[in-house]
Amino acid sequence: MEMAWQKRKRSGRERDKEASQVAKDALQAANEAGSTVRNLYITFLLLGVYIGIIIAGTTDRQLLLISYEGTLCVPKPPGTHSVPAGLR
């Protein structure tokens, strides 16, 4: 009788160890996923701040003087771009 009880007790401990290992694995997976999401969120916030700075630093005059010669609109240094005759 004692042997059967010890076997049941041992199998209960084994189940506890297995459940503990499953919980540890789940925690590790959640931490890894959380780390990835955190990095993506920080990147998204920094991109938003960068775009906000660009928008805040753009004046109406700069928008009027945009040249469509190229495919990219790269701001020129002050005094180097031509002003249309009507805006002088």
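The values are calculated or read from the model by the stated rules, or taken from the named source; none is laboratory data. Computed from a predicted model, the values in this text were never measured in an experiment. With ideal geometry, Cβ positions are generated from the backbone for all residues, glycine too; neighbour counts draw on all protein chains shown.
Assorted remarks:
- Selected residue [outside any loop (DSSP other than H, G, I, E, B) and at pLDDT 90 or above] from ALA4, ALA29: ALA29
- Matching residues in the range 55-67 - criterion: being part of a helix (DSSP H, G or I) and exposed (fewer than 10 other Cβ atoms within 10 Å of the Cβ): ILE55, ALA56, ASP60, ARG61, LEU63
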